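Worksheet: one structure, shown below.
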Amino acid sequence: MVKKAKKKKKPKKPLSFLFIKTSLYFFIGLIGLVVLILGFFVGIQITYGDKILPGLKAHDLNLSGKTVEEASFILEGLLEDLKDDFQIVYGDKTWPIDTQKINLDYNLGKTALEAYKISRNENIFLACWEFFRNLVLGRQIEFNYTLNEEQLDKFLKLVALEVDRPAVDPTLKVKEGKIESIPGQEGEIVDLKITKEKAQEAFSQLKTKLPLVFKKDDIKIHSDDLEKARSEAEIILSDPLHITYKDKIWKVNLDVIESWIVFNKIKENNDWTLAAGLSSKKVKDYLTVLFKDYSYPPSSKVVIQDGLSTVTLVEGYDGFSVDYKTTITLIQKALLSSVSKRKMALQVKKIPREVIYLSSSGAPRHKGKAIVVRLSQQVLYCYNDGKLQKAVYCSTGIPMFPTPSGVFKVYAKTLSTRMRGYYGPGSPYNYDLPDVPHNLWFYGNYAIHGTYWHNKFGTPQSHGCINLPLDVAEWIYNWAPIGTPVYIY
């Protein structure tokens, strides 16, 4: 038998060759796909020409295939429908936004132009990627606008004032001598920064309902921080207070001191704590009533100066008043000390009298209007800038009811009033005068006024007021404003 010759086997190609071949096919196919996609994209751009590409919307209105002018027209109609609908919304509450007040102004032409430019940038690969992403996912364009941020901030702050729930720190209160704790509560307030950012984002998308964003408002003081204030309050309530002035002593009981106590938040080393103290207003109100008769204003000294010689017409006197500021400071120190039988002196201060200089003729040496009454002459003078405007006989108080001398000011004016005085049954000094005209009140119940019941001007006739003829009283009433100085000597 003849043996068949064996066929030689072809050598197998190495795996690396197969990988390279496969990869080459893949890349060729990929390049083809890219070219196909780019060709499709370029075709779309050519087809749409000067129109907005597909996939773009404005407030869910399709702008695809619209020119810039057409898109602007569509956006103008949309804005016209929505411009009065902008509002802040929180739960069932709404706050309309005055777009004119915040100067909200949309540039719709620029918005449409920017929509047209989308997917038309110089890098064709990026433009193509952007186009297909917009085509698949859709894209809401952003509106171009301007506004007054300061006015928007003010509006948001006003809204926040209505809805904020600030944290309430724990504190203490004093009731019937007992110090009680009041628990605190966490709060929630508008985050103005983020809310403003959300509002600006909503404006850019023409969304008419703007949300409020809140943040937690933490309490600053914790229950453990109250003990120091409690100890201070216990010291304040430990003993009554005694206030002395000359040979008198006033005792301030604990119920009064309790009404003065306040608890204030203070910051120490970047930490907040509570401190007990006194309400300066409440302390002053109490002292004002208690010592109302221990203050009196000064009375000016009136001097006539002629060359080197001077003659004192009215000596006047210095005034005194309670120095409330110093007194309250000393009361606080006394009550915060643990000393028993607490005592402190009432503080008073002197108010020096003013010296008023008149010329030898009696005219004031100052600018402005002034009234001068010479008791010995029974004459009333009216001056303006030191120049005599009018001089007229008057009637001042009889010896039993003298007119006060000194320096005063017109503090009130009444066109007509009823004046009455009763000094006992059948007294010749009793009087009841209706409709007394043109009254310039200068000191307590003393006034310069018109007189219809006598015409004995030039002689004392009154109960202390300054009587004038009716026509003169009317003139002075219209001439002299409230605050006009009145010099009587």
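The values are calculated or read from the model by the stated rules, or taken from the named source; none is laboratory data. Values in this document were obtained by computation on a predicted structure and should not be read as measured data. Heads up, the Cβs are rebuilt from the backbone with ideal geometry, glycines too, and the neighbour counts pull from every protein chain shown.
Tell me which of these residue 123 doesn't satisfy, since it passes every other one: (1) crowded, with 18+ Cβ neighbours inside 10 Å; (2) closer than 30 Å to residue 45 by Cβ.
That leaves (1) as the condition not met.
Could you say whether any residue in segment 60-73 is in contact (Cβ under 8 Å) with a residue 60 or more places away in the chain and within 54 Å of the chain's Cα centre (by Cα)?
Looking through segment 60-73, at least one residue is in contact (Cβ under 8 Å) with a residue 60 or more places away in the chain and within 54 Å of the chain's Cα centre (by Cα).
Taking the options 55, 49, 91, name whichever one is of a type outside the set (S, T, N, Q) and buried (at least 16 other Cβ atoms within 10 Å of the Cβ).
55
Only one of these conditions is not met by residue 165: (1) of a type in the set (D, E, K, R); (2) surrounded by 16 or more Cβ atoms within 10 Å (Cβ to Cβ); (3) closer than 30 Å to residue 276 by Cα; (4) under 22 Å from the mean Cα position of the chain (by Cα). Which number is it?
(2)
What residue, of 390, 333, 369, 341, is touching a residue at least 24 places away in the same chain (Cβ under 8 Å), exposed (fewer than 14 other Cβ atoms within 10 Å of the Cβ) and farther than 14 Å from residue 465 by Cα?
Answer to the selection: 341.
Before we move on, is residue 361 exposed (fewer than 13 other Cβ atoms within 10 Å of the Cβ) and in contact (Cβ under 8 Å) with a residue 40 or more places away in the chain?
Taking the combined requirement at face value, the residue does not satisfy it.
Which strands (runs of 3 or more DSSP E) does segment 289-390 wholly contain that include 1 or more residues that are under 25 Å from residue 407 (Cα atoms), among the hydrophobic types (A, V, I, L, M, F, W, C) and touching a strand residue (DSSP E or B) at 6+ places or on another chain (Cβ under 6 Å)?
301-306, 309-314, 319-322, 348-351, 355-358, 369-374, 379-384
Mind listing just one residue for me: the one in segment 230-259 that is part of a helix (DSSP H, G or I) and out of contact with any Gly (no Cβ under 9 Å at 6 or more places or on another chain) and, of those, surrounded by the fewest Cβ atoms within 10 Å (Cβ to Cβ)?
Here the residue is 231.
Hey, among 69, 76, which residue is surrounded by 13 or more Cβ atoms within 10 Å (Cβ to Cβ), in a helix (DSSP H, G or I) and of a type outside the set (A, V, I, L, M, F, W, C)?
Just a single option satisfies the conditions, and that option is 76.
On the given criteria, is residue 308 modelled with pLDDT under 90, over 30 Å from residue 457 (Cβ atoms) and touching a helix residue (DSSP H, G or I) at 6+ places or on another chain (Cβ under 7 Å)?
For residue 308, the condition - modelled with pLDDT under 90, over 30 Å from residue 457 (Cβ atoms) and touching a helix residue (DSSP H, G or I) at 6+ places or on another chain (Cβ under 7 Å) - is not met.
Residue 211: more than 30 Å from residue 86 (Cα to Cα) and modelled with pLDDT under 95, yes or no?
Here the answer is no, as residue 211 does not meet what is asked.
All but one of (1) closer than 30 Å to residue 195 by Cβ; (2) surrounded by 16 or more Cβ atoms within 10 Å (Cβ to Cβ) hold for residue 81; state the number of the condition that does not hold.
For residue 81, the failing item is (2).
Assess whether residue 396 counts as being modelled with pLDDT of 95 or more and touching a Gly at 6+ places or on another chain (Cβ under 6 Å).
no
Go through (1) more than 26 Å from residue 266 (Cβ to Cβ); (2) surrounded by 15 or more Cβ atoms within 10 Å (Cβ to Cβ) and name the single condition residue 220 misses.
In the conditions (1) more than 26 Å from residue 266 (Cβ to Cβ); (2) surrounded by 15 or more Cβ atoms within 10 Å (Cβ to Cβ), residue 220 misses (1) alone.
Considering only segment 446-466, how many residues are closer than 14 Å to residue 416 by Cα and either touching a residue at least 24 places away in the same chain (Cβ under 8 Å) or within 44 Å of the chain's Cα centre (by Cα) (or both)?
5
Can you tell me how many residues within segment 260-287 are surrounded by fewer than 12 Cβ atoms within 10 Å (Cβ to Cβ) and more than 26 Å from the chain's Cα centre (by Cα)?
4
Just for segment 419-466: of the residues that are of a type in the set (S, T, N, Q) and either outside the structural domain of residue 377 (by TED's automatic domain parsing) or in contact with a Ser or Thr (Cβ under 9 Å, 6 or more places away or on another chain) (or both), which one is surrounded by the most Cβ atoms within 10 Å (Cβ to Cβ)?
451
Could you check how many residues of segment 88-124 are farther than 17 Å from residue 200 by Cα and either part of a loop (DSSP other than H, G, I, E, B) or free of Cβ contacts under 8 Å to residues at least 40 places away in the same chain (or both)?
Qualifying residue count, segment 88-124: 12.
Restricting attention to segment 152-160, does a residue exist that is touching a Leu at 6+ places or on another chain (Cβ under 9 Å) and under 30 Å from residue 232 (Cα atoms)?
no
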